[in-house]
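Here is the structure we will look at.
No value in this document is a laboratory result; all are computed from the given coordinates. Computed from a prediction, not measured in an experiment: that's the story for all the values here. Backbone-built Cβ (ideal geometry, glycine too); neighbour counts: all protein chains shown.
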Amino acid sequence: MTNEILFLSHRMPFPPDRGDKIRSHHVLKRLAGLAPVHVATFADDDRDIAEEVELAALARSYRLVRRVKPLVFAGVESLLRRQPVSLPAFQSAELADYVARTLREHPIGTIYVFSGQMGQYIPDDFAGEVIFDFVDVDSAKFEAYAERDHGVRRWINAREGRLLAVEEARLARRAGVSLLVSAEEAALFRARLPIEDRAVCDVRALRNGIDSRYFDPAAVKPEPRLIDCEGPRLIFSGQMDYAPNVEAALRVIERLLPRIRELIPRTTFHVVGRNPAEELREHHGRNGVNVWGGVEDMRTWLSGADLALVPLEIARGVQNKVLEAMAMGLPVVLTSAAATGIGAQDGKHLVVADSDDDLVERTTALLSHPRQGWTLGLEARRYVVEELSWQATLAPLAVMVGRKEAPARHAA
């Protein structure tokens, strides 16, 4: 076969430093091992632009466009067009021209669409295979936001959820295969489709993996700034301007940590990740809380922590922050929402708790018995190494694009 692949992504897959970019990064590398790949994607900031050399080395051709449209402009356009805000927010004439030229000049047999915002670039007359990687059910996420919000924000999020559900169904009908990050997320997506579409839309799970050779506690030394903090060290990592992450970190700071410190007084909590929101930064240095912002190597911070506490209340798909902590041999206490799609066993590979009382009890129990935490972390790492390698989780891609695995030139 000489068919090539067009890969459309709403964010530059380099550097793989946040959840969606980690998945798109590894998917793109696996696809590039199967056939020549052409990439159309957006850059959010200078950090993305600086990684253009990596994209150029991997792709047969590419177009990287800086996304500069203010959200308020996208909001106005969405009202006029009766579309979800995410469509005009990711609309670019330059990217559309590149897609049209690539389809005209190259033998594209498959278009792989990463995230529903990019479905608008697929021409109606494209006759090849279309794979939509929705990752998770965005419409359900916005509906969850609306249920918790009030006033104008409630209306905005309810509208976005409603219109995204319509768009998701349209794209699922257009796709040969629709992919979600877990079996649970795939079942939810399928259940939300119109009844007449459920039997004809091919909806499957394609799980996230973890590079356990990179996330290996033996490969790094603990971060000195973390080690300098006395007492047990709890950590929460992620993109820290993302609303569910902000809410989870504030839950620890305001509701969980004070109770944990009553039982284990010197316990500290460390928020590690890019762009921490102002409501997080204002807690830095107070009552055992440290907000570090973006860091060069997350592994060193996970290596220096005693426990990862992940009390997410809204969580879609598989949480990379959890997989990374498990791979680093760190005991993890998390909510059932944050554990969805991982497949790990409660009490053996991680500890699941949902109420504040249970989260405090499970966390303090592990901190009070370090050997139990060490055993939990050891089993967690063994599980992700054996079950969740990127090579294993992305193996179905070869069949989907009709190719045999090429030599591991770009293997994850």
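A few remarks follow.
- Projecting the Cα atoms of 303, 270, 240 onto the charge dipole of region 240-383 (Cβ charges, centred on the Cα centre) puts 303 farthest toward the positive pole.
- The ellipsoid that matches the Cα gyration tensor of region 291-333 has semi-axes, each √(5λ) in whole angstrom, of 18, 13, 10, with the longest given first.
- Relative packing of peptides 258-269, 23-34, 154-165 - highest average C-beta neighbours within 10 Å first: 23-34, 154-165, 258-269
- Evaluated with a Cβ-only charge set (Lys, Arg +1; Asp, Glu -1), the chain carries a dipole of roughly 400 debye about its Cα centre, given to the nearest 20.
- Interatomic Cα distance distribution for region 102-163, bins of 10 angstrom, percent: 20, 35, 23, 16, 6, 0
- Pairs of Cα atoms farther than 18 Å apart, region 1-94, %: 49
- Sequence ranges 58-64, 36-42, 145-151, ranked by mean other-Cβ count within 10 angstrom, highest first: 36-42, 58-64, 145-151
- ³J(HN,Hα) computed for each position of region 23-38 - Karplus, 6.51 cos²θ - 1.76 cosθ + 1.60, integer Hz, glycine/proline x: 5, 5, 4, 6, 4, 4, 4, 5, 4, 5, x, 9, 6, x, 10, 10
- Fraction of C-alpha pairs exceeding 14 angstrom in region 144-195: 60 percent, rounded to a whole number.
- Our coupling estimate for region 292-305, obtained by passing each phi through the Karplus curve with A = 6.51, B = -1.76, C = 1.60 and θ = phi - 60°, is 8, x, x, 10, 6, 9, 4, 4, 5, 6, 5, 5, x, 8 Hz, Gly and Pro reported as x.
- Projecting the Cα atoms of 326, 291, 340 onto the dipole axis of region 217-387, where Lys and Arg carry +1 and Asp and Glu carry -1 at the beta carbon, places 326 farthest toward the positive end.
- Residue by residue, region 188-194 carries 3J(HN,Hα) couplings of 5, 4, 4, 5, 8, 6, x Hz when phi is fed to the Karplus relation 6.51 cos²θ - 1.76 cosθ + 1.60 (θ = phi - 60°); x denotes Gly or Pro.
- Percent of alpha-carbon pairs separated by more than 18 Å within region 199-250: 66
- Shape class of region 217-387 from the alpha-carbon gyration tensor: rounded, with the ratio a/c of largest to smallest axis under 1.5.
- Pair-distance profile P(r), taking every C-alpha pair of the chain, with 10 angstrom steps and integer %: 5, 21, 32, 26, 13, 3, 0
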